[in-house]
Amino acid sequence: MAEKRRKVGNPLALAVLAEMVIEPMHPYEMGRRLQEHGKDRSIKYNRSSLYMVVEQLVKAGFIAERETVRDTQRPERTVYAITDAGRAELYDWMRELVAEPKQEFPQFGVALSLLAVLSPEEAVTLLQRRLTALTAQLDEVTGLITESTDRGLAWIFLVEEEYRRVMLDAERRLVTDIVQSLQQPEYVRQWHEVMGRHT
């Protein structure tokens, strides 16, 4: 099934719509909640990109200005609310993302597809560095899950961390296997025969 072209295709827009289903809010509050809920670990954004996405959502008719809050302590803040069109977009987009696997192009996949340009020795050294980093990331995510579970946080709010944990573990196992394969004498011999003269 072909991927739909969205009026606002940035994943940050999806997270903003999801937060706004609960209640209307201003962009500063959206950013605070996204960070509080750990969404900054899954979605790359900063303050200016958040404000840009809010403008795009307004232009698309997915959110609308609700009110302007004036407070003597702070500058004016515009509070936005999700529209019916925004609610429909949120659920349609979520159903697509959850149900339909997409062809993604991670950078490490690109590196693996071209790995033969590196000598077996250098590739092994670099992949061993990657293994160290993957192990550190895996330990961090596992610790976060354990700590959050111990605090009583429901599993549904940790599901993206569990996904991250499984993916890190799978990548670590794959990299370990690749390192072993790169060290096989037959591969080393073939690499030097084919690629060695070009380096």
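General remarks:
- The number of residues in segment 160-199 that are of a type in the set (A, V, I, L, M), surrounded by 11 or more Cβ atoms within 10 Å (Cβ to Cβ) and modelled with pLDDT under 95 comes to 2.
- Under the condition of being over 18 Å from the mean Cα position of the chain (by Cα) and either under 14 Å from residue 78 (Cβ atoms) or in a helix (DSSP H, G or I) (or both), the residues counted in segment 15-29 number 7.
- Across segment 134-155, a minimum of one residue is classified as within 23 Å of residue 15 (Cβ to Cβ), under 15 Å from the mean Cα position of the chain (by Cα), of a type outside the set (Val, Ile, Thr) and modelled with pLDDT of 95 or more.
- Of all residues in segment 36-55, those satisfying the criterion of being part of a helix (DSSP H, G or I) and either within 22 Å of residue 75 (Cα to Cα) or acidic (Asp, Glu) (or both) are 36, 40, 47, 48, 49, 50, 51, 52, 53, 54, 55.
- When 32, 87 are screened for being in a helix (DSSP H, G or I), basic (Lys, Arg) and touching a residue at least 60 places away in the same chain (Cβ under 8 Å), only 87 passes.
- Scanning segment 145-191 for residues being assigned to a helix (DSSP H, G or I) and touching a residue at least 40 places away in the same chain (Cβ under 8 Å) gives a total of 14.
- Where a residue in segment 1-17 is buried (at least 21 other Cβ atoms within 10 Å of the Cβ) and its partner, wherever it lies, is of a type in the set (Gly, Ala, Ser) and modelled with pLDDT under 95, with Cβ under 9 Å and at least six apart: 12/49; 15/42
- Residue match in segment 96-106 (condition: open to solvent by 90 Å² or more (accessible area, probe 1.4 Å) and either within 27 Å of residue 185 (Cα to Cα) or aromatic (Phe, Trp, Tyr) (or both)): yes
- Qualifying position, being modelled with pLDDT of 90 or more, aliphatic (A, V, I, L, M) and either outside any helix (DSSP H, G or I) or touching a helix residue (DSSP H, G or I) at 6+ places or on another chain (Cβ under 8 Å) (or both), among 2, 64: 64
The values are calculated or read from the model by the stated rules, or taken from the named source; none is laboratory data. Nothing here was measured: the structure is a model prediction, and the numbers come from that model. Heads up, the Cβs are rebuilt from the backbone with ideal geometry, glycines too, and the neighbour counts pull from every protein chain shown. Surface areas here come from the heavy atoms of the whole protein model, side chains and all, with no ligands, DNA or RNA. Shrake-Rupley method; radii C 1.70, N 1.55, O 1.52, S 1.80 Å.
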